[in-house]
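The structure appears right after this line, and notes come after that.
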Amino acid sequence: MQRLTGTEQQIAALLNGAADYKVQVFDTVTSTNDLLREAAASGAPEFTAFLAKSQTAGRGRQGRAFYSPQQTGLYLSLLLRPALEAEALLRLTPMAAVAAAEAVEQCSGTRTQIKWVNDLLLHGRKICGILAETAFSAAGSPDYAVIGIGINLLEPAGGFPEAIRGIAGAVFPSGTDADTAFVRCAAALLNALAGEYAGLPQRHYLAGYRERLCVLNRPVTVLENGIEREAVVLAADDDLRLLVRYADGTEQWRATGEIRLRLDGQPFSGSPLPDQSAPVLP
């Protein structure tokens, strides 16, 4: 597990000082989340961040494997020790989604969308996944949280595997320097996470989450317990529950963990941000 100290120094030079980060960058690891959880259990301080250019055992939500090839992605895990009630820890995932969106938009110059609850889309394709994991003390209070964020910076040589080829995308076009993209995106992400985390008690992330949420007023298929129901998403509340209206006219608030959604129809195509129409890389 080779540590890339030169890359660490490059990222540190771009940080804005909003958080006291302890950044460690590795070439290849099993899983940044797994390694950081081990460090957290051994007393690692808040704002310890493990980053890697490749994972051999990356994990997504619900135990799914997370594709993490060499020289194409940014795999980052951040240790937080928030003074929150257990229920409030659910805010960490949407907070991280907004921070990731801000970072990608800064680096690419293109608007992103969030597919409820934690997938980031660019040009209608998934370019980022988030996995937040928490640990509790013997007394039952939150001890720490590890937020894992994986971003597809570039498409792999030969394209994405067949299983995800139709849904996966990348932030930068082919030919972009992978090392520069990694450093710039990592620094942008860490800066954005520091800002959004500082505003977590006030739910600062809500406005940014709602404006990027691509399921509002869109037809979706609600899949639950093997049953599919067509619906339209009408609203999202402050806990980011979705109000859906089914084909029979009934309405229901649904929370994450109960259902998953599949977008129907044409995906969001993305658009340039004001005064930014090309990747913001040297």
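Residue 56 to residue 87: extension gain in nm, 0.36 nm per residue of separation minus the Cα-Cα distance?
8.0 nm
To two decimal places, what compactness ratio does the chain give when its Cα radius of gyration is scaled by 2.2 N^0.38 Å?
So the chain has a normalised radius of gyration of 0.98.
Only helices at least 20 Å long along their own axis, judged from Cα atoms, and with Kyte-Doolittle mean hydropathy of 0.5 or greater: name those in the chain from DSSP H.
Flagged H segments are 92-108, 178-198.
If the cut-off is a Cα-Cα distance under 19 Å, which lysines reach residue 115, setting aside same-chain residues fewer than 8 apart in sequence?
126
Would you calculate a helix-derived [θ] at 222 nm for the chain, using -39,500 (n - 2.57) for each DSSP H run of n ≥ 4 and dividing by the full residue count, to the nearest 500?
-7000 deg cm²/dmol
Largest first and in whole Å, what are the equivalent-ellipsoid semi-axes of the range 1-157 based on the Cα gyration tensor, each being the root of 5 times an eigenvalue?
23, 19, 16
Considering only DSSP beta bridges where both residues belong to the range 136-241, give the percentage that are antiparallel (nearest 5).
90
Show me 238-247, 149-158 ranked by packing, highest mean number of other Cβ atoms within 10 Å first.
149-158, 238-247
None of the figures in this text is laboratory data; all of them are computed from the coordinates on show. The structure presented is a predicted model; accordingly, all values stated were derived computationally and were not measured. With ideal geometry, Cβ positions are generated from the backbone for all residues, glycine too; neighbour counts draw on all protein chains shown.
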